Amino acid sequence: MYSELIKRIKEFDTIVIARHIGVDPDALCSQLALRDAIKLTYPDKKVTAIGTGSSKFVHIGKLDKLEKYEDALLIVCDTPDRKRIDSVDPKDFKYSIKIDHHPFVEKTCDIEIIEDDKTSACEIIMRIIKGTELQCNDSIAELLYMGLVSDSNRFLFSSVTSDTFRLVAEYIDDYNIDITKAYNKLYLRPLNEVRLEGYISSNIKITDNHLAYIIIPDVIISEYGVDSASAGNMVNNYNFIKEVVVWATITEDVKNNQYRVSIRSRGPEINKIAEKYNGGGHKMAAGVRVKTLDEALEVMKELDSYLGYYTEDSSEGNLNDN
């Protein structure tokens, strides 16, 4: 499949690289790294990485302007279904390829490279570079390292294997990756975000079934001077609360007239519930976008009900005092 990817890249002079709405580091780093690797290998090609950015990740790299292209190849990174592709539609391109590590949801592109046992889209691209003629340099390697680190939550998730560590070690050996600089790009944040985290910690609701959630309305987002994407991404900061098994942020996004629901789990598989509300994601990390707060709270109600059946003796096995 990797060889078919390279074959198609060689066929097109113009290549557009997209990813999912609601940008995160893996999505952004994978598309920027792939763009730069293609440009490094084939300097005469026009390659752009497009999508809506976020002020939180502006220091990671710069996206390109969206333009109208004819006879272009589209490569979609880190996106399982058509509705979550940011800014473009595969049917508007002459040919399309998907590179993704989410569980399969639907076929959206002509070629689909899906490796749902990998930590990240960046890990797949690291393997593509290792297995093909695509070239890499220090800055590309650093982008790929950041995306893998972010989506594996610093190598904490079960998708991390000995092969993952071997791959990362090879890149550290082969390229000058400034690990301290990479971690600073990912995790340094302004004081107002830390203060918002304090607000979340003080106001988070926890049910008897070990579901935790917080509603972050636009008035709070404005008060703390952050954007909705930054507020929603704080869901990743609450992994290790003893009394919590599943946790979520419900963030109002006034600009897009919706609520962004980000869900994480320490055991129960949550992606199927997210899919019922036209969302999706991984078994332990998923999301939904809904129009009203009532719809978002309905998702919480269903998650809480699901957790009511999730006992220590179940096949999934996790904490529940019920």
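The values are calculated or read from the model by the stated rules, or taken from the named source; none is laboratory data. These numbers were taken from a predicted model, which means no experiment stands behind them. As a convention, Cβ positions derive from the backbone with ideal geometry for all residues, glycine included, and neighbour counts pool all protein chains shown.
Key figures
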| read-out | value |
| --- | --- |
| For TYR187: the one exception among (1) under 15 Å from LYS56 (Cβ atoms); (2) buried (at least 16 other Cβ atoms within 10 Å of the Cβ) | (2) |
| Residues being at pLDDT 90 or above and either small (Gly, Ala, Ser) or farther than 15 Å from ASP218 by Cα (or both) - total across segment 230-277 | 24 |
| Flag for LEU40 being farther than 18 Å from ASP110 by Cβ and not β-branched (Val, Ile, Thr) | yes |
| Any hit, segment 46-62, residues being modelled with pLDDT of 95 or more, more than 25 Å from GLN258 (Cβ to Cβ) and in contact with a Lys or Arg (Cβ under 6 Å, 6 or more places away or on another chain) | yes |
| All strands (runs of 3 or more DSSP E) inside segment 173-270 with 3 or more residues being in contact (Cβ under 8 Å) with a residue 40 or more places away in the chain and in the same structural domain as GLU295 (by TED's automatic domain parsing) | 211-216, 246-253 |
| Unique residue being outside any helix (DSSP H, G or I), on the phi < 0 side of the Ramachandran plot and out of contact with any Asp or Glu (no Cβ under 6 Å at 6 or more places or on another chain) when the list is LYS130, LYS118 | LYS118 |
| Looking only at segment 142-172, and only at residues there that are among the aliphatic types (A, V, I, L, M) and within 18 Å of the chain's Cα centre (by Cα), the one that is nearest to SER265 (Cα to Cα) | LEU156 |
| Segment 4-39: number of residues that are over 29 Å from SER228 (Cα atoms), of a type in the set (A, V, I, L, M) and outside any strand (DSSP E or B) | 5 |
| Pairs where the first residue, in segment 102-118, is within 23 Å of TYR277 (Cβ to Cβ) and touching a residue at least 12 places away in the same chain (Cβ under 8 Å) and the second is crowded, with 18+ Cβ neighbours inside 10 Å and among the acidic types (Asp, Glu), C-beta under 8 Å, 6+ apart | HIS102/ASP78; VAL105/ASP81; GLU106/ASP81; THR108/ASP81; ILE114/ASP100; ASP116/ASP100 |
| Residue within segment 152-165 that is within 30 Å of ILE129 (Cα to Cα), assigned to a helix (DSSP H, G or I) and not hydroxyl-bearing (Ser, Thr, Tyr) present | yes |
| Scope segment 120-157; condition over 21 Å from ARG35 (Cβ atoms), touching a residue at least 40 places away in the same chain (Cβ under 8 Å) and among the polar types (S, T, N, Q); matching residues | ASN153 |
| Among residues of segment 262-280, those that are closer than 18 Å to THR79 by Cβ and out of contact with any Pro (no Cβ under 8 Å at 6 or more places or on another chain), counted | 7 |
| Qualifying positions in segment 69-95 - under 16 Å from ILE9 (Cβ atoms) and aliphatic (A, V, I, L, M) | ALA72, LEU73, LEU74, ILE75, VAL76 |
